[in-house]
Amino acid sequence: MTDVTSSSLGQTHVRRRRRAEFHVYFTLIFLLALPSETIGWARAVIRQRSLNLHGPLARAWREADRITPMIFSV
């Protein structure tokens, strides 16, 4: 008798390839987030008196990377 308890046939995870539409939305959200994240970064630099923070590009990228998958998860 075959032991099927260790079989991983039903547990494969297929990762979808990001298409052009995803990249278009990502770019739009990134460009829209850039001004507000730049202002937020400048305020954080003034408040904390340190440049040891993520810059505005990294902050905008993170914001776009958080929002865009939410759009396509529906």
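What follows draws every value from the coordinates through simple rules; no lab data is involved. Since we're looking at a predicted model, the values are computed, not measured. FYI the Cβ positions are ideal-geometry reconstructions off the backbone, even for glycines, and counts take in every protein chain you see.
Quote the charge dipole size of region 18-72 about the Cα centre in Debye, to the nearest 20; the model charges only the Cβ of Lys and Arg (+1) and of Asp and Glu (-1). Don't jump to the answer; show the numbers that get you there.
Details: 8 positive and 4 negative charges, 44 e Å.
Its charge dipole is roughly 200 debye.
So what's the Cα pair-distance distribution over region 18-72, bin width 10 Å, in %?
Calculated P(r), rounded to whole percents: 26, 44, 22, 8, 0.
Answer with one residue from Leu28, Asn52, Ala64: the one whose Cα lies farthest towards the positive end of the charge dipole of region 18-72, charges on Cβ with Lys, Arg +1 and Asp, Glu -1.
The residue sitting farthest along the positive end of the dipole is Asn52.
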